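The values are calculated or read from the model by the stated rules, or taken from the named source; none is laboratory data. Note that the coordinates shown come from a computational prediction; the quantities given were computed from them, not determined experimentally. Using ideal geometry, Cβ is built from the backbone for each residue, glycine included, and neighbour counts are taken over all protein chains shown.
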Amino acid sequence: MQCRNCGSAHIKKNGRSLKGTQRLYCFECKRTFTLELDARRLTKSACAKAVVLRQEGESLRSIASILGYGKTAVWTALKNVPSDSFSGSYTS
Ligand SMILES: [Zn+2]
C-alpha cells in the first residue's frame, strides 16, 4: 500500500471512515486518506456479473453497490468488455 498523496509506503492504518472505508495515515506528508473503492479493479467473476446486471438494466450505481466496487471501476470493466449488447454513457 502507498500514500495516495505522495506515494510513500510509510503509512499506518488509522481507523475507518463513516462509510466503513479503511482510513490510512501517511508519516511523510502527515495526511490521512482513504482507500478508494474505485482504486480496486473488478475480478473476472465480478466483471461477468456486472455485464449481466447491466444487460438486465441495472444502473452503474446499483451495480457498483451490489458488487461492492466503485462506479468508475465498474464502468472501466464494462468498457473493456467486447459486447455490443450494452451501450450507454458514463453519467455520475
Ligand atoms: Zn504521503
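Of note:
- The range 2-39: number of residues that are under 21 Å from Ala73 (Cβ atoms), of a type in the set (Lys, Arg) and either within 15 Å of the ligand (Cβ to nearest atom) or assigned by TED's automatic domain parsing to the domain that holds Gly68 (or both): 2
- Pairs meeting the criteria (first residue in the range 15-29 and of a type in the set (Asp, Glu), second residue part of a strand (DSSP E or B), beta carbons under 9 Å, at least 6 apart or on different chains) are Glu28/Ile11.
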